[in-house]
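Accompanying notes for the structure given below.
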Amino acid sequence: MTMTNEINKKMTVQSGFKTIGSQLCTAFATFFASTAIGMAILAIGRKIFLETFGPTAIQQISELEKITFIQTSLLFDAKFSSTIFLPVLISGILLFIPRLKKYYPKTTCIFSYAGIMLVLGLTVVQHYYYDTYKQAINTFIFSLFKEDPGAVLFTIIKDYPVLPALFLIILFLLVYYPVFKYVTAFFNWVFNGIFRKLDKTGIVLFLILQVFLTVFILRGSLTTFPLRQDNLNVSRNTIINIATGNGPAHFYWAYKWHKKEGQKPFVSARDLVMSYLNNGMETTTDNLTAPLTVKIPENEFLDKNKPDVVVAIMESMSTHMLLLDNPRIGVDVYGSFRQHAESDFLFLNFLSEGNGTSDTLMRLFTGAPDMNLSTSSNYDKKFFLNTVRPFREHGYHVIFITSGRSSWRNIGNFLTAQGVDEIIDENGIRELFPEATSGTWGIDDEYLFKTAYRTLTRKHDKPLLIFMLTITNHPPYRVPDNVTPQTIPLPKEILQRFPYDNTETIFATFRYANNSLGNFISEVKNNPRMAEKTFIAATGDHNLRGIGYSNRVDEVILGHSVPFYIYMPKAYQKATGVSYDYHRFGSHKDVMSTLAKHALSGGKMLTTGCDMLSDTDICNYPFSYNDEVGIYKKNSSYMIRNSNSEEYIACFIRNPEISYKNVLLNTPRITGLQADPSKFSNTEELCNDIESYDQLVHDIYHYNITLKDREISR
């Protein structure tokens, strides 16, 4: 009797196990069925999109690009379709609640209907949005809701086949139910057919496989990062890149960036006039750019000898890291850049204006203190402080080369709108150098610089302004296979400052990036034609991430420091009257101002920057400025260290790591950014000038974005 009970109990357990397994299979099968239908709709939408807007696009790309396009498109479709139909999978919970089990078929049908309406609707929106704006859905779509609803509705009805589209959508929804039932039944037949043939171990493995497949398609990737907007760029063909995504994907990214834009204060013309006045500059509402206008001296030599100008924006090129250099004990962080740093112009008392890559790029190109500008609806505004404009007015062809994708944070469209003529991203680099190695974020730096050199050597009738954005010196840190990480004999207390286990690799990666820069400079200098007619500037986008300064108040300013390097041929130095002070303070706002003053002849530019290579040029805003800290020299419109007795005040604007208002800097060190802990204070009036300038930077931007392009004049 006992044996019979045990057998019955065992059979009951096995039956219960199989029942649970079968119900899970049903839930997954129904989910995968809806996901598959959604993927089919997205694929059909993509085909129609390409046939309408890029009928020859597929023929224009390489076989490798075609393969990448197909693979990435499928992954995007799987990711967003599965995400939309995830409620169908969650509905499987009803199967395990006896009194609710009967509602499962109806619930999944409702969720599937809702999902397919979303997929279909956003696919149609994406199609006609591109038809109108020649762009994928972006944050501008949300600005439409701020317009007159009646006018918007009238425009839509007038300009688009709304009624035929609605008819087709309704027709599709009518036939969707039998399609849903048939496809779901097919998937259940397949899944449960496999299930019935498996033993207990096989069932467990089969269920694990379904969970794994679900996680995979929801992530869209098996690598470190899930599939995301950065993966859109599979080709140099814009239509192909847009088509790689789908309507739901583009809408999701637009919504995400829209939420990040936040509320911006309204700044009127009068507000801006008052902001100028607080900075000692008088003007009127009719002449709002006057306090920003700087005359560029006429120069006969420059008229006849326009140089090519290269600006390398180096990922995490940190002054702090450079100061740890000590070849005597085997710590070499400069690599081949050392010889150039020693023979050319190098400023170490220099701050990044932003504290992140995007933040810095927005400020370097437009002066805008908005790290999300490139993904906002204001990305194509014309900004007062656009640094590309003066060079274009002098006939320059402007190029931006990045190791990553031009779709990153919409940087390609943003820079094009700001006047950049040509963009070369990782796809373009790989076309030139198929052997190029790469890391998580993009192509390794050496190939970026090889691309820049090749760009300089190609025939060009116009002078070139080339910006480069490197990427290798970024977490997760790695060096190419041909680079051996260096053993770093640093004291334990320094090594502990780095929040990573692989400190040797960090230093090796940093040196690799600098070495790539140094090799590029050497190559230019070794080419007689280039050496005599090329400027090279380099600066970091921000300090190395992760180094804590909360326990080192003497280094808190150093936490925002990056170097600024300039190579300028001797003839240009002589023709423009260069004056170099190694100890001079500066920041990113001075980069393009300095280059313009020594490369361009005549005209005007709008800037708050100073000429770092002049001791006679009066600067209206003589501050070394970062979003969190600013430095000024007491009682002077110059930022030159003429003697060690001069006093420099560092003010903390919005720095969460320090509780003081300011600190006095007057130490005759190699870098003046290290402070004496005994000289911190909370005397507020010492920072009025810096705070007024910080407010002006924001007011200029917020006023700028209220204007239409036609209202912006110089």
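With the condition kept exactly as written, say whether any residue in the range 323-337 is of a type in the set (Phe, Trp, Tyr) and farther than 30 Å from residue 477 by Cβ. No. When each of 509, 505 is tested for being assigned to a helix (DSSP H, G or I), of a type outside the set (D, E, K, R) and either free of Cβ contacts under 8 Å to residues at least 12 places away in the same chain or more than 20 Å from residue 340 (Cα to Cα) (or both), the lone residue that passes is 505. Check whether at least one residue in the range 331-352 is assigned by TED's automatic domain parsing to the domain that holds residue 401, on the phi > 0 side of the Ramachandran plot and in contact with a strand residue (DSSP E or B) (Cβ under 8 Å, 6 or more places away or on another chain), and report yes or no. Scanning the range 331-352 turns up no residue that is assigned by TED's automatic domain parsing to the domain that holds residue 401, on the phi > 0 side of the Ramachandran plot and in contact with a strand residue (DSSP E or B) (Cβ under 8 Å, 6 or more places away or on another chain).
For the range 220-236, taking the residues that are touching a Phe, Trp or Tyr at 6+ places or on another chain (Cβ under 9 Å) and of a type outside the set (A, V, I, L, M, F, W, C), the one that is surrounded by the fewest Cβ atoms within 10 Å (Cβ to Cβ) is identified as 230. A single entry from 289, 201, 285, 244 fulfils the requirement of being among the polar types (S, T, N, Q), surrounded by fewer than 12 Cβ atoms within 10 Å (Cβ to Cβ) and farther than 30 Å from residue 23 by Cα: 285.
For the range 247-282, residues that are surrounded by 14 or more Cβ atoms within 10 Å (Cβ to Cβ), within 31 Å of the chain's Cα centre (by Cα) and assigned to a loop (DSSP other than H, G, I, E, B) total 2. The residue that is nearest to residue 415 (Cα to Cα), counting only those in the range 336-359 that are of a type outside the set (Val, Ile, Thr), outside any loop (DSSP other than H, G, I, E, B) and at pLDDT below 95, is 358.
The residue that is surrounded by the most Cβ atoms within 10 Å (Cβ to Cβ), counting only those in the range 428-444 that are over 17 Å from the mean Cα position of the chain (by Cα) and outside any loop (DSSP other than H, G, I, E, B), is 429. Just a yes or no: is a residue in the range 307-315 modelled with pLDDT under 95 and either buried (at least 20 other Cβ atoms within 10 Å of the Cβ) or over 28 Å from the mean Cα position of the chain (by Cα) (or both)? Within the range 307-315, none of the residues are modelled with pLDDT under 95 and either buried (at least 20 other Cβ atoms within 10 Å of the Cβ) or over 28 Å from the mean Cα position of the chain (by Cα) (or both).
Could you tell me whether residue 100 is of a type in the set (A, V, I, L, M), touching a Leu at 6+ places or on another chain (Cβ under 8 Å) and either modelled with pLDDT of 90 or more or surrounded by fewer than 21 Cβ atoms within 10 Å (Cβ to Cβ) (or both)? Yes. Filter the range 172-181 for residues that are loosely packed, with under 12 Cβ neighbours inside 10 Å and at pLDDT 90 or above and give the result. Hit for the range 172-181 is 178, nothing else. The residue that is farthest from residue 289 (Cα to Cα), among those in the range 347-392 that are more than 16 Å from the chain's Cα centre (by Cα) and aliphatic (A, V, I, L, M), is 348. For the range 665-684, the condition holds for at least one residue, the condition being that it is at pLDDT 60 or above and of a type in the set (Asp, Glu). There is at least one residue in the range 360-370 that is at pLDDT 95 or above, in the same structural domain as residue 538 (by TED's automatic domain parsing) and touching a Pro at 6+ places or on another chain (Cβ under 9 Å). One residue stands out among those in the range 414-427 that are among the charged types (D, E, K, R) and surrounded by fewer than 23 Cβ atoms within 10 Å (Cβ to Cβ): the one that is farthest from residue 606 (Cα to Cα), which is 422. Screening the range 59-91 for residues that are assigned to a helix (DSSP H, G or I) and hydroxyl-bearing (Ser, Thr, Tyr) and picking the one that is surrounded by the fewest Cβ atoms within 10 Å (Cβ to Cβ) gives 83.
For residue 478, the requirement of being among the basic types (Lys, Arg), under 17 Å from residue 315 (Cα atoms) and assigned by TED's automatic domain parsing to the domain that holds residue 303 is met. Criterion applied to 411, 401 was being more than 20 Å from residue 606 (Cα to Cα), under 16 Å from the mean Cα position of the chain (by Cα), outside any helix (DSSP H, G or I) and of a type in the set (A, V, I, L, M), and the one residue passing it is 401. Conditions first: (1) farther than 22 Å from residue 210 by Cα; (2) assigned to a helix (DSSP H, G or I). Residue 95 passes all but one, so which condition is the exception? Answer for residue 95: the failing condition is (1). Among the residues in the range 206-217, are any closer than 30 Å to residue 377 by Cα, in contact with a Lys or Arg (Cβ under 8 Å, 6 or more places away or on another chain) and at pLDDT 90 or above? Among the residues of the range 206-217, not one is closer than 30 Å to residue 377 by Cα, in contact with a Lys or Arg (Cβ under 8 Å, 6 or more places away or on another chain) and at pLDDT 90 or above, which makes the answer no.
Yes or no: the range 158-171 includes at least one residue that is under 30 Å from residue 374 (Cβ atoms), modelled with pLDDT under 90 and in a helix (DSSP H, G or I). Within the range 158-171 (the criterion being under 30 Å from residue 374 (Cβ atoms), modelled with pLDDT under 90 and in a helix (DSSP H, G or I)), the answer is yes, since at least one residue qualifies. When we screen 546, 518, 577, 540 for residues that are under 30 Å from the mean Cα position of the chain (by Cα) and at positive phi, the only hit is 546.
The values are calculated or read from the model by the stated rules, or taken from the named source; none is laboratory data. Values in this document were obtained by computation on a predicted structure and should not be read as measured data. Don't worry about glycine lacking a Cβ; one is built from the backbone with ideal geometry, like all the others, and counts go over all protein chains shown.
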